[in-house]
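Report on one structure; see the data block that follows.
Computed from the coordinates by the stated procedures, all read-outs in this text should not be read as laboratory data. What you see is a predicted model, and the numbers here were worked out from it, not measured in a lab. Don't worry about glycine lacking a Cβ; one is built from the backbone with ideal geometry, like all the others, and counts go over all protein chains shown.
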Amino acid sequence: MKARTALLAILAALAPAAAPVAAPRAVASGGFDVVVLGARGGIQDGNLSSFLIRAHGTEGYLSCDAGTTVAGLIAADRRGDFADIRQPAGSSQTRIGYILTEQVKGYLISHAHLDHVAGLIIASPEDGKKPIYALPSVHEKFAGSYFNHDAWANFADTGAEPRLGKYHFEDMVPGRAVPATGTAMSVTAFPLAHGPVESTAFLLQHGPDALLCFGDTGADRIEHSDRLHQVWGAVADKVRRHELKAIVIEASFPNAQPETQLFGHLTPRLLLEELHDLAAQAGGKDALKGLPVVVEHIKYSFKAGPLPQTVIRRELEAGNDLGVRFIIPEQGDRYRF
Ligand SMILES: [Zn+2]
Ligand SMILES: [Zn+2]
C-alpha cells in the first residue's frame, strides 16, 4: 500500500502542471457503506424508511431516518451485514444491543412523521446516549408530539420535565456542515417541501466523497417550490467531479397516482423530472450516467395486482434516458457506494 502511495506521489509530481483536469475520480475514495433497516413507506410496520450509513473503512454509523430500527438491525444482522463488527469480549449486551448503542452514533431525522421516527422512539428506553440531528422545526414537533411524557417519556435534553437527557437535539442550520460525533462524516441539512410539512435532505460527506439521503419530498413543480432545485444546485459540482456516490430518495406512488393526491411525495415521473434538473445543473444529460439512485419509501399497497415496486421499477426504467442506476432496496440489503 505504501509503495503504491509513493508511486502515485511520484506520478503526480511528474505530471505536467498545466495538464487539463477532467473530472478526476477521487483516488483515495473509500465511499460509503449503506445498510437498509427499512425500505418502504407506510403502511407496513417493521420495514419503514431507515438507512444506516458510514464512511467505508471507518467505524460509526448514522441512521438516516428511523422508521424501523431494532427489527431492521435483526434482519440486517441475519444477512451478515455487520460481519466486520467485533463486539468487545465480556460485553453485557446482545449483539443487536451492542450495534445499536455503540455503533449507531446518531440519527438524522428528516421530519417527524411516524413512519420516519417510530423505530427510534420504540427503541429509546434501551438506546445509548447520542445526538439527533434535525432542523429546528423537526425537533419542535418531536418534543411536542412524542417526548412529552404523554405519548412517550422525554428521553431528550430539552422540552418537557423531567428530561432524561439521552438524546441531544442538535439543531441544524440549513446549508451548514457539522461534524457528526463518533463518525468520520460531516452532515449538512437542506430543507424540503413535503406538502405543508418541512422535511429534510442530508448531505453526508467524508473527505471529497458525498452521499445524499432524502426524507419525504414533493417535486418542485407540484409544491410550487425551489427546494429540490436548491439541493441539486448544492451538489452539482460534486456530481461533475464524480464525488457524489449515491442518492437515496423516495418514490411513494406509481405514475397513476393523480398529481392532486400526492400529499407531498414523488412518483417515478416526478423523480425523473427532478433528476433531469440535477443533470442540467451538473453539465448535461450524461452527467448522471451510472449514478446509483436508491428509490425507497414505496408505499405498501392493499390493492390486488402487481406489486407497487414492480410497477415503479418499470416506470423508472422506461423514462431512464439519463443512464442512472436505479436500485429498489429491500430490508437487510447492504451496499457499498
Ligand atoms: Zn412524511
Ligand atoms: Zn413517510
Quick check: anything in segment 213-221 part of a loop (DSSP other than H, G, I, E, B), among the charged types (D, E, K, R) and under 22 Å from Gly41 (Cα atoms)?
-> yes
In segment 33-79, the residues that are assigned to a strand (DSSP E or B), under 11 Å from the mean Cα position of the chain (by Cα) and of a type in the set (A, V, I, L, M, F, W, C) | Val34, Val35, Val36, Phe51, Leu52, Ile53, Leu62, Cys64
Restricting attention to segment 167-186, which residues are within 11 Å of Gly106 (Cα to Cα), surrounded by 15 or more Cβ atoms within 10 Å (Cβ to Cβ) and of a type outside the set (Asp, Glu)?
-> Tyr167, His168, Phe169, Ala180, Gly182, Thr183
Determine, yes or no, whether Leu192 is farther than 24 Å from Gln103 by Cβ and in a strand (DSSP E or B).
-> yes
Specify the residue that is farthest from Glu243 (Cα to Cα); the eligible residues are those in segment 256-304 that are within 16 Å of ligand 1 (Cβ to nearest atom), among the polar types (S, T, N, Q) and assigned to a loop (DSSP other than H, G, I, E, B).
-> Gln257
Return the total of residues in segment 142-170 being out of contact with any strand residue (DSSP E or B) (no Cβ under 6 Å at 6 or more places or on another chain) and among the hydroxyl-bearing types (Ser, Thr, Tyr).
-> 1
Quick one: in segment 295-326, of everything that is within 15 Å of ligand 2 (Cβ to nearest atom) and in contact (Cβ under 8 Å) with a residue 24 or more places away in the chain, which residue is surrounded by the fewest Cβ atoms within 10 Å (Cβ to Cβ)?
-> Tyr300
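May I ask you to list the residues in segment 108-122 that are in a helix (DSSP H, G or I), more than 12 Å from ligand 2 (Cβ to nearest atom) and crowded, with 23+ Cβ neighbours inside 10 Å?
Gly119, Leu120, listed by residue number.
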Qualifying residue in segment 81-100 (condition: in a helix (DSSP H, G or I) and surrounded by 19 or more Cβ atoms within 10 Å (Cβ to Cβ)) | yes
